[in-house]
Structures are given as C-alpha cells and as structure tokens.
C-alpha cells in the first residue's frame, strides 16, 4: 500500500520535476543549517524562523504557516531524525505542501524567489515529494489546478469571463482524468490560454508562461490536449446555420456578423456549394469572412478552436464564399446596419 502511495506521488510530481530549472547551481555551497548540528528544539527554531520569513515574504495566511510548522515536527518524528537534511529546505518543503493543502495558489518558483540563496527548485520538489510520501498526505492536493486560475487572470489583467471559462475547462478535463500526473500550474495556465482564445482575448503563450513559470512547450502541449477534450464535450451541431449560431453566441459576435454569415451560407447552398460535405469548415469560413467585412476582428485561432481544420482551410472556405455576394449588395448590407 505504501509503495502504491509513493508511486502515485511520483506520478504527480514527475512532470514538475522534469520541468524544474534551478535558478542557481544546485551543487553550489549554500548558507543552510544541517539537522545533525542542532538539538530538536533548536531545529524547530531554525525551521520556524524560515517558515515565518516565507509567510511574511509571500503573504501566506497564519493558519497555513502553523500547519507547516506542525508538518516539520511530524516529518522529524516519522523519519526518526533530520540528520543529513538542510533544515531550511525541510521548512520550505513543509510550507509548499501546506500551501497545497490549504489551497494557497503558490508554485515552487515563488518559494525559490523568496530565498534564492538558500532554496533551489529541484531540491524543494524532491524534499516535498519525500514529505508527502513520509507523512502519508493526500497527494490530490497537488493536483488542484483551479486554485491558480484567479491568480493568473489577476496578474495578466484578464476579463472575469476568461477565468470562468478556464474553470469550466479545468473541471471538464480533470473529471475525465486527462490532467492526471500533469503539473497543476501548467494545466491551469493552459486553461487560461484556451479560455482567452475562446473569448477572442489576445494573450501570448510567452505572457502566460512568465506568470505561471512553465515552458512554452508545456503550454502548447497542454492546451492542445485540453482543446481536443473540449471539442468532444462541446460538440458542434451538424447543420451549418446552427453551427454559426452556436459559435457566434460563444464568442459573442455581433448580430450583424451572424446575419451576414447566414446570408453567405444561404447563397452558397442556392448555388450548390458542397456545404454539407464539411459544414463546420464552411460555417467557420462564413463567420470569418463576415467578421472581416464588418470589422469585428475575431481571431482566426479563436474560430479554429471549434474544429481541427487549419486556419488555412478556414480562410480558403471564406475566399470561396466571397463570390456569392456582390460588393454592391455588401455595401447595401453595411449601410442598412449602420443607420
């Protein structure tokens, strides 16, 4: 049973450890206090001071700090001693684990940045993993991605609607088990990026990477996994008109864009275009063309979220649809809706 628990913890932290990039040389000499140098009482003083300093620097609640102090004592008792360990690292690992348990949205880099000359990322994660395993803590606390979303949305000054959509994405993908073994901060960051695309909000992968302390490769891989899962959960209708209505509502496009896209599909059907062979591609192409003509400025990547079709395919369908309406009719449509 213990082996199973340890293996589960390994799976949870494996991706975080793989991505860990210490800010300084992990082998360099550090100003740390070794456990064997002090009595248990003095050990508690050193670790308590480290926890208090972290709580102050990172604005961590008192209850979380108290939990961390209790965990250091339990950890020493379970191990028998802290010989061969750096007390500051043990204290920081306890604080990191306590923040997970109490849902304080901090990641390993936050703790490293607070004490860069003492703590390095790889060591912190390894000690945290050992603490979780040794104390038999619930490892699912390390899987909670949702706690990071509000922080990322706030740091990037994104609309509240992006946070709501990101939470929906996290809920659906976690329920399916897709996030199992993945870094929760990276999973949350990918969900925020996905949500921005869904709401036609501009956000670069680099921006979310900088805030979440993950690589662009992680964002790219995770967001694609999430997007594929969400397409299955939120499958589009079969009819092109229904597709246009569904996507327009989701992106909050103007009524004029919806109406013009519908006209383009109607005309194309009258002229025997093969709309039914690829209804989603044609519907997205109609929305893209209508949006371009009416200056709604929806991102082609936002439309591409709804289907596996490439941006080039959507643009190709849009170009085909230009032929079904004359510029005179288009100008008349514009004039009628500008009054």
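The values are calculated or read from the model by the stated rules, or taken from the named source; none is laboratory data. Nothing here was measured: the structure is a model prediction, and the numbers come from that model. Positions of Cβ are backbone-derived with ideal geometry, glycine not excepted, and every protein chain shown enters the neighbour counts.
Points to keep in mind about this one:
- Check on residue 195, touching a helix residue (DSSP H, G or I) at 6+ places or on another chain (Cβ under 8 Å), outside the structural domain of residue 250 (by TED's automatic domain parsing) and within 15 Å of residue 142 (Cα to Cα): no
- Count - residues of the stretch 175-196 that are assigned to a helix (DSSP H, G or I) and surrounded by 22 or more Cβ atoms within 10 Å (Cβ to Cβ): 13
- The residue of the stretch 210-237 that is surrounded by the fewest Cβ atoms within 10 Å (Cβ to Cβ), among those that are in contact with a helix residue (DSSP H, G or I) (Cβ under 7 Å, 6 or more places away or on another chain) and without any contact (Cβ under 8 Å) to a residue 12 or more places away in the chain, is 216.
- Matching residues, the stretch 303-339, being free of Cβ contacts under 8 Å to residues at least 40 places away in the same chain, loosely packed, with under 12 Cβ neighbours inside 10 Å and within 32 Å of the chain's Cα centre (by Cα): 312
- Qualifying residue in the stretch 270-293 (condition: touching a residue at least 60 places away in the same chain (Cβ under 8 Å) and surrounded by 12 or more Cβ atoms within 10 Å (Cβ to Cβ)): no
- Selection of the stretch 268-283 for residues being within 36 Å of the chain's Cα centre (by Cα) and either in a helix (DSSP H, G or I) or within 17 Å of residue 258 (Cβ to Cβ) (or both) yields 275, 276, 277, 279, 280, 281, 282, 283.
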